[in-house]
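Every read-out reported here was derived from the displayed coordinates using simple, explicitly stated rules and does not represent laboratory data. What you see is a predicted model; the values in this text were computed from it and never measured. No Cβ is skipped: glycine too gets one built from the backbone with ideal geometry, and neighbour counts run over all protein chains shown.
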Amino acid sequence: MKTETHSRKYEHENVRDFEVFRKRLLAELKNFQDRVARARQELPIDSDPDDEAGIASRSADREVTMGNLERDLQAIVEIERALHRLDAGQYATCVVCQSRISDARLKAIPWTRTCIQCAGRGNQFAGSPLQLNANLAHS
Ligand SMILES: [Zn+2]
């Protein structure tokens, strides 16, 4: 008698395995932290505030770097929150309407807090506002 063993690794089940997302979040977190560390080294943080010509000539570059830095810092905050939600068993649950966030959306934005419908309503960053370092937010 011939036995056929289908290697079915995954049954379709209701329990969702978020380990793949956790790994991705940790990888992304490290990625963003590295970028922030590099950006901070490039920023002329200790420039003399009285030297207006110097500030002006640097401001274009600085603005680009600052913009990237702010986005990266925001992403780090989001990723850390997502990891906390994972630990708390609240991952993949929309913070606005409490509905389930689809895998497709999580794959696109693993740290998202809202389902696609709520994001579409402009609630992408719903929840408490992000706090950026004041020194970084204003030059
Ligand atoms: Zn929602």
Exercise for review: Would you pull out the residues with amide H under 5 Å of T93's amide H, same chain only if 5 or more places away, H placed 1.01 Å from N?
Suggested key: I101
**Study point:** Two-site label geometry, A104 and I116: point separation in nm, points 7 Å out along Cα→Cβ
**Key:** 0.4 nm
